[in-house]
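Only one structure is covered here, and it is reproduced in the block below.
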Amino acid sequence: MTLQAGTKLGPYEILAPLGAGGMGEVYRALDPRLGRDVAIKVLPQHLSANPEVRTRFEREAKTVSSLNHPHICTLHDVGREGETDYLVMELIDGETLAARIARGALPAPEVLRLGMQIADALDRAHRAGVIHRDLKPGNVMLTKSGAKLMDFGLARATGMAGTGGGSGVSVAALTQSPTVAAPLTAEGTIVGTFQYMAPEQLEGKEADARTDLWSFGCLLYEMATGKRAFEGKSQASLISSIMSSEPAPLSQLAPMSPPGLEKLVRACLAKEADERIQTAHDVKLQLQWIAEGGSQAGVPAPLAARRRGRERLAWTLFAAAALVAVVFIGLALRPRPGPKSVIFELTPPHQVSLVDLPRISPDGRRLAFNATDSSGASAIWVRQMSSLDAQRMPGTEGATRPFWSPDSRFLAFFSGGKLHKIDIAGGPPQTVCDAPRGADGSWGVGDVILFDGSSVVDTVQRVSALGGVPVGATTVDRSKQEVFTAWPQFLPDGQHFLFIAYGATGDERTLKVGRLGSMETKSLGPAGSRTEYVSRHLLFVRQGTLLAQPFDPGSLKTTGDPVPVAENVEFDAVGSARFSASGEGTLVYRSGGSGAAERLAWVNRRGERTGTVGGPNGYDDPALSPDETQLAVKVTEATSANGNIWVWDLSRDLGSRFTFAQGDVDDAMWSPDGSRIAYSMARGTGNDLYVKSLGGSGADSLLLASNEQKFAEMWSPDGKVITYIMRSGLTNRRWDIYGLILGDSVRARPIVATPFAEYDPQLSADGKWMAYVSRESGDAEIYVQAFPGPGGKWRISTHGGTEPRWRGDGHELFYLGLDRKMFSVPVTPGTPPHFSLPERLFDAPVVVDANTRNRYVVTRDGQRFLMVTPEGEAKLGATTVVLDWLGRLSAR
């Protein structure tokens, strides 16, 4: 029986199917009492008449409900509606381990981390007398909080004394699970999935905890190698392989895997259960030991073997003292080979979705980076190079790119318009100075800090690390069309420093050398990106290649040609290259990730997709025309980071380009009569506001020009005001809301300008009320106030929100929660209007990251939403570590 959307099972409302298997069909459903989505597993009616199947269904409920563990799927409820039995379980967002493995083997640290979580979950189940009996990659979900063990559809409670006999189930269909499309199953008594079944299961013997550990060994093997431990072209050959053969060694398929992991997998895959490792608790302890580097656990197998050989040789030499002396003399006189370069990748914390510029400490022992989680919150993370885990630094919420003190004890960073420093050993951040434009910096040996601003008219600033008032350290050479200076980097003497001077277009960059106490500079030539000095080399990125150029810090001259060090290094249009190097020889860089394509999709109030507009592309800022027959949207060009406005005829699903700018164009908004479109266009270091007639061939008409960053937002219903947000680079880096008064003389006036950030103004249909986002509470929250003011204001959101949108009649206000859930706020019009508490509608399938906004639009009747949704999968770029990168360079 397939349930349709809207069907009620008890208090639960079916939303959509999720999967189907032998133990039942699985649906996404809504629990209206708690306002949360759940997963419901329904026992098919054609099986419910079978008493044995019913008994097994009830057993599953008791089995799962007895387990309470962060890495086991939670059972919320069990019920019966008519003749339909169902389980209500935690709805898990993420992907299956099977889907992850399909993209290739996991890094060793990730294998160990997930393995410990799964082993801990099995240990909890086994202690409760529960055997899973169908452990496989498809039954493990990977979420933001780690692994989740699920689908105990084949588990059976063992009791204290255990039971004898076989499996006790003879229905072949029961071997299926929603994670298997076509399992290898035959009529008979075998229950489970063949590739992960222990020999005793294949022989029809009683399963116990050691049976799960066999499956777990298969799981670890597949995670580490990307290949199954046992394969076969038929059921017979697969069973034969499991019963009589051994999988290929891990060291052969995954040479960098720890030797200890190979031993553990072998212990799990012993053919005889009595010879197998006996408990999941022991497995967890072994994985922890390997993760901590026990017994050369992190050393590749060939290297470990060489070390063991050297140990045996040492004992032999010790037994022959005279020979030892001769050997040591020979070793002392023989030249030693230089250190070998080692390259490996670091796995980012599973909580984060974006990672910015990595910074290795001067002593090479720690790595700091700014990271953003899925809610958009950013903070600084620090990872010891000898550890598998990174730790979030308390007190660094909202921080931008960190940089190290010369002794590697402190990190400096910008947050809230100030420069801070924090002791990595502990303690709260200390404020160094006001730095409203602070973006990046460098800490010199004389306890002097240099820092720059963002893309605005400014110069590099200088301040004492002990605190003080910043002063200019560079000047802008107007005669050479320079606009601002940025990216300071101290040289070893603590007096001279590198920096970059930017031309008017942003593409014209010159690398220069300055000196503290003097405004005189020396040009070193064009700059491909931000530049670091380390070990008598300048490191910089040019067209994605990290280059090292010999440099003499005494004469301040380059002494050779650039040599490639690494490829596909992440960088952007303003030269922010993601690499860092330490003087002791460690290099860290980030590779460019692959962003997912985007799709404009219509969804209803349940969040169900009902149609699309256009094809996959890079979209932003959708805006419906007043009559809702056309759509204006920014389309980012594949060959650059710039975008232009396109207009879609929604009835024919045909789009045509509307602007033809060389720079970036953003934030299209329609005039109230639908005849014109206003928008923002990048120019130099700011954005200007333009307007253009729809279908006209005339030039873009300039509305407002200045050096500030500003973005068009909304045209008032009476056509008299265009709202926009602006951030003045000369005064602060917080957004304020302004109105451009149209008429004979166009003039601008502030509407909401406070010490806090305000943005995304949206006017009601009658133009009397303005919803907007403010960070006055510390978090982004939705407020409403009279437009254009003055008057009171009301906070609308309860736990954070962005992107408010009005329904056409003003009776409802929508917004996105910080967890990407769409909320509805019923509104009773009046003066002032009455706002009810927010109600969650659905999980919004929008693409959200730190650089995007305006990701959806709602129709006038409030029944449909057009959203920028992901199409395919985005891949976070890798963080690569190179030890002794200079040795690698000399070997080229």
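What do you reckon, is VAL38 at pLDDT 85 or above and on the phi < 0 side of the Ramachandran plot? Even if it seems obvious, please write down each step before you answer.
Details: at pLDDT 85 or above: yes; on the phi < 0 side of the Ramachandran plot: yes.
In short, yes.
So how many residues does the stretch 557-583 have that are in a loop (DSSP other than H, G, I, E, B), touching a residue at least 40 places away in the same chain (Cβ under 8 Å) and under 14 Å from HIS537 (Cβ atoms)? It would help to see each step written out before you state the result.
Within the stretch 557-583, the subset in a loop (DSSP other than H, G, I, E, B) is 559-562, 567-568, 570-578, 582-583.
Applying the additional criterion that residues be touching a residue at least 40 places away in the same chain (Cβ under 8 Å) yields 570-578, 582-583.
Narrowing the set further to residues that are under 14 Å from HIS537 (Cβ atoms) leaves 582-583.
Residues in the stretch 557-583 being in a loop (DSSP other than H, G, I, E, B), touching a residue at least 40 places away in the same chain (Cβ under 8 Å) and under 14 Å from HIS537 (Cβ atoms): 2 in total.
Please identify the pairs in which a residue from the stretch 251-270 that is among the β-branched types (Val, Ile, Thr) has its Cβ atom under 7 Å from the Cβ atom of a residue that is at pLDDT below 80 and open to solvent by 40 Å² or more (accessible area, probe 1.4 Å), counting only partners at least 6 apart or on another chain.
Pairs that qualify, where the first residue is among the β-branched types (Val, Ile, Thr) and the partner is at pLDDT below 80 and open to solvent by 40 Å² or more (accessible area, probe 1.4 Å): there are none.
Taking the condition closer than 20 Å to GLY146 by Cα and open to solvent by 30 Å² or more (accessible area, probe 1.4 Å), does ALA98 pass? It would help to see each step written out before you state the result.
Numbers: closer than 20 Å to GLY146 by Cα: yes; open to solvent by 30 Å² or more (accessible area, probe 1.4 Å): yes.
Yes, satisfied.
Would you confirm, using the coordinates I've provided, whether PHE551 is over 30 Å from the mean Cα position of the chain (by Cα), in contact (Cβ under 8 Å) with a residue 40 or more places away in the chain and outside any loop (DSSP other than H, G, I, E, B)?
Numbers: over 30 Å from the mean Cα position of the chain (by Cα): yes; in contact (Cβ under 8 Å) with a residue 40 or more places away in the chain: no; outside any loop (DSSP other than H, G, I, E, B): yes.
In short, no.
So, restricting to strands (runs of 3 or more DSSP E) that lie completely within the stretch 727-806, which ones have at least 2 residues that are acidic (Asp, Glu) and closer than 29 Å to GLU839 by Cα?
Working: elements: 736-741, 747-752, 758-763, 769-774, 781-786, 793-795, 802-806.
Ranges flagged: 758-763.
So in the stretch 209-249, with the set limited to residues that are open to solvent by less than 50 Å² (accessible area, probe 1.4 Å) and acidic (Asp, Glu), which one is farthest from GLU275 (Cα to Cα)?
Among those residues, the one meeting the criterion is GLU222.
Among the residues of the stretch 561-579, which ones are open to solvent by less than 30 Å² (accessible area, probe 1.4 Å) and at pLDDT below 90?
Scanning the stretch 561-579 gives VAL565, ALA566, VAL569, GLY575, SER576, ALA577.
Quick check on my filter: what residues within the stretch 536-551 are modelled with pLDDT of 90 or more and open to solvent by 10 Å² or more (accessible area, probe 1.4 Å)?
Once the filter is applied, which keeps residues that are modelled with pLDDT of 90 or more and open to solvent by 10 Å² or more (accessible area, probe 1.4 Å), the stretch 536-551 yields ARG536, HIS537, PHE540, LEU547, GLN549, PRO550.
Return only the number of the condition from (1) at pLDDT 90 or above; (2) of a type in the set (Val, Ile, Thr); (3) surrounded by fewer than 17 Cβ atoms within 10 Å (Cβ to Cβ) that ILE422 does not satisfy.
(3)
Do any strands (runs of 3 or more DSSP E) lying entirely in the stretch 382-465 carry at least 1 residues that are among the basic types (Lys, Arg), and which ones are they? Working first, answer last.
Values: elements: 390-392, 410-415, 418-423, 430-434, 440-443, 448-452, 461-464.
Correct list: 390-392, 418-423, 461-464.
Restricting the stretch 742-799 to residues that are crowded, with 17+ Cβ neighbours inside 10 Å and among the hydroxyl-bearing types (Ser, Thr, Tyr), which is nearest to GLY416 (Cα to Cα)?
SER774
Between residues in the stretch 855-872 that are modelled with pLDDT of 95 or more and residues that are open to solvent by 60 Å² or more (accessible area, probe 1.4 Å), which pairs lie under 7 Å by C-beta distance while being six or more apart or on different chains?
Pairs found: GLN863/ARG605.
Take VAL483 and tell me if it is open to solvent by less than 40 Å² (accessible area, probe 1.4 Å), assigned to a strand (DSSP E or B), over 30 Å from GLN430 (Cα atoms) and modelled with pLDDT under 90. Please lay out each step first, then the result.
Numbers: open to solvent by less than 40 Å² (accessible area, probe 1.4 Å): yes; assigned to a strand (DSSP E or B): yes; over 30 Å from GLN430 (Cα atoms): yes; modelled with pLDDT under 90: yes.
Yes.
Out of LEU524, LEU516, LEU511, LEU556, I need the residue that is of a type in the set (A, V, I, L, M, F, W, C), open to solvent by 30 Å² or more (accessible area, probe 1.4 Å), more than 22 Å from GLY364 (Cβ to Cβ) and more than 31 Å from the chain's Cα centre (by Cα). Which one?
Numbers: LEU516 fails: open to solvent by 30 Å² or more (accessible area, probe 1.4 Å); LEU511 fails: open to solvent by 30 Å² or more (accessible area, probe 1.4 Å); LEU556 fails: open to solvent by 30 Å² or more (accessible area, probe 1.4 Å).
Criteria check complete, one pass: LEU524.
Could you please let me know if ASP389 is open to solvent by 40 Å² or more (accessible area, probe 1.4 Å), among the charged types (D, E, K, R) and either modelled with pLDDT under 90 or in contact with a Lys or Arg (Cβ under 7 Å, 6 or more places away or on another chain) (or both)?
Details: open to solvent by 40 Å² or more (accessible area, probe 1.4 Å): yes; among the charged types (D, E, K, R): yes; either modelled with pLDDT under 90 or in contact with a Lys or Arg (Cβ under 7 Å, 6 or more places away or on another chain) (or both): yes.
Yes, satisfied.
Yes or no: the stretch 53-65 includes at least one residue that is modelled with pLDDT of 80 or more and open to solvent by 30 Å² or more (accessible area, probe 1.4 Å).
We begin by selecting, within the stretch 53-65, every residue modelled with pLDDT of 80 or more; these are none.
The answer is no, given that none of the residues of the stretch 53-65 is modelled with pLDDT of 80 or more and open to solvent by 30 Å² or more (accessible area, probe 1.4 Å).
Within the stretch 250-270, how many residues turn out to be charged (D, E, K, R) and open to solvent by less than 50 Å² (accessible area, probe 1.4 Å)?
Restricting attention to the stretch 250-270, the residues satisfying the condition of being charged (D, E, K, R) are 262-263, 266.
Those still in the list that are open to solvent by less than 50 Å² (accessible area, probe 1.4 Å) too: 262.
Result for the stretch 250-270: 1.
Can you tell which of ALA181, ALA198, ALA224 is more than 22 Å from VAL111 (Cβ to Cβ) and either aliphatic (A, V, I, L, M) or modelled with pLDDT of 50 or more (or both)? Walk me through how you get there before you give the answer.
On the way: ALA198 fails: more than 22 Å from VAL111 (Cβ to Cβ); ALA224 fails: more than 22 Å from VAL111 (Cβ to Cβ).
Within the list ALA181, ALA198, ALA224, the selection yields ALA181.
The values are calculated or read from the model by the stated rules, or taken from the named source; none is laboratory data. Just so we're clear, the structure is a prediction, and the values are computed from it rather than from any experiment. Counting neighbours? That spans all protein chains shown, and the Cβs are built from the backbone with ideal geometry, glycine included. For the accessible areas, the whole protein counts, side chains as well, though only heavy atoms, and no ligand, DNA or RNA atoms are used. Shrake-Rupley method; radii C 1.70, N 1.55, O 1.52, S 1.80 Å.
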